[in-house]
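The values are calculated or read from the model by the stated rules, or taken from the named source; none is laboratory data. Just so it is clear, the model here is predicted, and its values are computed rather than measured. A quick note on method: Cβ atoms are made from the backbone with ideal geometry, for glycine too, and the neighbour counts reach across all protein chains shown. Just so you know, the surface numbers come from the protein's heavy atoms only, side chains and all, with ligands and any DNA or RNA stripped out. Shrake-Rupley method; radii C 1.70, N 1.55, O 1.52, S 1.80 Å.
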Amino acid sequence: MNSGSFLNMAAIGDFDPLSASIPATKVEITVSCRNLLDRDTFSKSDPICVLYTQGIGNKEWREFGRTEVIDNTLNPDFVRKFILDYFFEERQNLRFDLYDVDSKSTNLSKHDFLGQACCTLGEIVGSLGSRIEKPLGGIPGKKCGTIIVRAEELSNCRESVMMQFCGNKLDKKDFFGKSDPFLVFYRSNEDGTFTICHKTEVVKNTLNPVWQAFKIPVRALCNGDYDRTIKIEVYDWDRDGSMFTDAKDNIQRFKRRATAGNAIGIQEYIRSNHDFIGEFSTSYRELSRGQSQFNVYEVINPKKKGKKKKYLNSGTVTLLSFLVDIEVTFLDYIKGGTQINFTVAIDFTASNGNPAQPTSLHYMSPYQLNAYAMALKAVGEIIQDYDSDKMFPALGFGAKLPPDGRVSHEFALNGNPQNPYCNGIDGVMEAYYQSLKSVQLYGPTNFSPVINHVARYAASVKDGSQYFVLLIITDGVISDMAQTKESIVNASCLPMSIIIVGVGPAEFDAMVELDGDEVRISSRGRYAERDIVQFVPFRDYIDRTGNHILSMARLAKDVLAEIPDQFLSYMRTRGIKPLPAPPPYTPPGHPLQTQI
């Protein structure tokens, strides 16, 4: 979460409206197969691999691409790669179908099916060495061989660039003084639209500003495409058009707008509230020439140009410096073996309502998941790809336990306090349902015991080999606010993040405070070292048409989007470097193939 100041209107660049819409890193997928079925009578099969992906919130498979055909082999190493955008916060389902090509037809039904395998992109990148091997299936009673899939992060997605610009003789826009200029950067999209990606600070009362140097990921600036247009607009900051007030809802509204990718709305907002001086376009490739005559840009105001015959420009903007830096990424750590440990803690307080009644937030309907189960499944199914043993501690709080009715704020859902681990997300779901049948919902709502539980484990592994994510699902009003704040402040120096999902209709004001978006959380005068809490109310993600798959995908996308940055902030502040990836897999020798 970005904890920039929203109050200092001169520092317009403090608010990063599009951190959530920066394109994901890109990964290159390489496919090999071993021991494919032999479908040809007089020779071996001529295999091709077809990749299918699914859209968010629906189950429809869409063809993404095809490899080349390799003649006469049962052990193909395909050369043609698939390049996919990678999002940690999304469940990106993939399906690989293999065919034996019998003719030049592009229609797959004209060729022999050799088998298929499904996995998620997270499963591939989360595996040791970013490599998985799976059996091919899909033909009853036949052994279809195996598929080997490897993922490699593209190098141009790891670059950041530090740039500095200055202006010269910009148009005077203020009646009593000079202009207060700032720059707004946009990257172009495939459809010709533009997305805002950076704003500089405002330099007051000058026509010859020198803006501070700033650092931006290359993927944010041009999505890794060095020739893609970058548009830069120059504005005079207007006090009446202060971009954001201190009203929380204004900030949140623009955050949601930006997250939804509605950069056009923000562009209109800037134009209608600040004086437009002019604009110019460039590209990453041009900028990479550095300080030179190629990087002095005329600032053009199209309206002025259309009206005045003698109009030359509205000043110039010059690139002063351009430095490229290769950054260590989240995937470097995952590839080096860092494990993400997932723990869930569920609210069993009486305010949830009697689980036997349909009005209860814990009601177990035979027809659909309740909100607790949906939140657990949505987040858990993504995080489980980054945990090799798939064993997850599952805790409850706020219930009376059998046999003596003692109240507990840190009990194992599986009934085994010595070993609270459940096998996979399905095991956690089963333990949750069993707990509802055996415990009595009670209270109060205390978070600090479960936070301290995970923090004890995180405190014992600070070498970067493990990172802990705690998901707390609750219906609302917290009883131990002071203790919870202290627990979060203590945990902020540990390798852990906390996700809080609020279910039900309650007001969640206290949760917003824990989130620390506007004000960094503190306890007894100590501030959290970094922001580790993300809170969302589940009701904001419920699809109006009743599509629960879409609701869960939206929830997971929002609550998990910040985990990679929180993870990296811990590793960087501790100076922890990723371990080297294991050596690449070398396939055993097999006959030479003819490639067409």
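Just to verify a number: what accessible area does residue 486 come out at with the full protein assembly present, 1.4 Å probe, Å² rounded to tens?
50
If each residue of separation counts as 0.36 nm, what is the full-extension length gain between residue 404 and residue 104 once their alpha-carbon separation is subtracted?
Residue separation times 0.36 nm, minus the Cα-Cα distance, leaves 100.6 nm.
Kindly state, to the nearest 0.05, the FRET efficiency for residue 456 paired with residue 146, given R0 = 35 Å and r defined as their beta-carbon distance.
0.30
Given the peptides 460-466, 232-238, arrange them by the average over their residues of other C-beta atoms within 10 Å, most packed first.
Result, highest mean first: 232-238, 460-466.
How would you rank 82-91, 316-325, 95-104, highest first, on the average number of other Cβ atoms within 10 Å across their residues?
82-91, 95-104, 316-325
What relative contact order, as a whole-number percentage, does the chain give when Cα pairs under 8 Å and 6 or more residues apart are counted?
Taking the mean separation of contacting Cα pairs over the length of the chain, I get 14 percent.
Just order 541-550, 393-402, 279-288 by mean Cβ neighbour count inside 10 Å, highest at the front, would you?
The packing order, highest mean first, is 393-402, 279-288, 541-550.
Can you tell me the alpha carbon radius of gyration of the chain divided by the globular rule-of-thumb value 2.2 N^0.38 Å?
1.09
How high is the FRET efficiency from residue 320 to residue 527, r the C-beta distance, R0 45 Å, rounded to 0.05?
Working from the Cβ atoms, E equals 0.80.
About the Cα centre, and with charges only on the beta carbon of Lys, Arg (+1) and Asp, Glu (-1), how big is the dipole of the chain? Nearest 20 debye, please.
1180
Can you find, among 294, 356, 466, the residue farthest towards the positive end of the dipole of the chain? Put +1 on the C-beta of Lys and Arg, -1 on that of Asp and Glu.
294
Taking +1 at the Cβ of each Lys and Arg and -1 at the Cβ of each Asp and Glu, which of 373, 453, 103 sits farthest along the dipole of the chain towards its positive end, judged by Cα position relative to the Cα centre?
103
Just read off the accessible area of residue 215 with the full protein assembly in place, 1.4 Å probe, to the nearest 10 Å².
100
With just the Cα atoms defining each centre, how far is region 331-379 from region 383-444? Give it in Å.
One Cα centre to the other: 11 Å.
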